[in-house]
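Below: the structure, in structure tokens.
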Amino acid sequence: MAAAGSADPHARTDTLRSAHLLASHLNAPVTPAFLGGPGPDPATALATWRTRGHHDVAVASHLLAPGFFMNRLRETEPRRLSEPLGPHEAVAELVWERYDAGCGGGERSGRRAAHHFCQTGGV
């Protein structure tokens, strides 16, 4: 699993937790890799798997959108690579929940606020 990375230890912990959740879901080992900040970087993680005899390695992108980090990830030439998370409904739901939590409201008020925000042309 490849994430953008961060110098913030809390962000790194979140990514490690996401990798653990993915490994549990897949019932397979997952190596978290980081395109920035402390490693391992995706190229190193892929090389490690290949030296262990695993040549059909897939990389799950833990990136929100295409761009700089996704391009760097593609340059590592994994056998398989997922697209960025993008504008998936589940991502939007999570954004609304986090927005609402930051505003101190409940889930319903967050959806109302997000709906109002969209209806009024908010950025």
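The values are calculated or read from the model by the stated rules, or taken from the named source; none is laboratory data. All figures in this text were calculated on a predicted structure; none of them were measured in a lab. Virtual Cβ from ideal backbone geometry, glycine too; neighbours counted across all protein chains shown. Ligands, DNA and RNA are stripped out before the accessible areas are found, and what is left, the full protein with its side chains, is counted by its heavy atoms. Shrake-Rupley method; radii C 1.70, N 1.55, O 1.52, S 1.80 Å.
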Single residue of segment 33-86 satisfying the filter (in a helix (DSSP H, G or I) and aromatic (Phe, Trp, Tyr)) that is most open to solvent (accessible area, probe 1.4 Å)
68
Residue 35 fails exactly one of the following numbered conditions: (1) within 14 Å of the chain's Cα centre (by Cα); (2) within 21 Å of residue 95 (Cβ to Cβ). What is the number of that condition?
(2)
Which numbered condition trips up residue 113, out of (1) modelled with pLDDT of 90 or more; (2) outside any loop (DSSP other than H, G, I, E, B); (3) of a type in the set (Gly, Ala, Ser)?
(1)
Output the residue which, of all residues in segment 7-32 that are touching a residue at least 24 places away in the same chain (Cβ under 8 Å) and polar (S, T, N, Q), is surrounded by the most Cβ atoms within 10 Å (Cβ to Cβ).
15
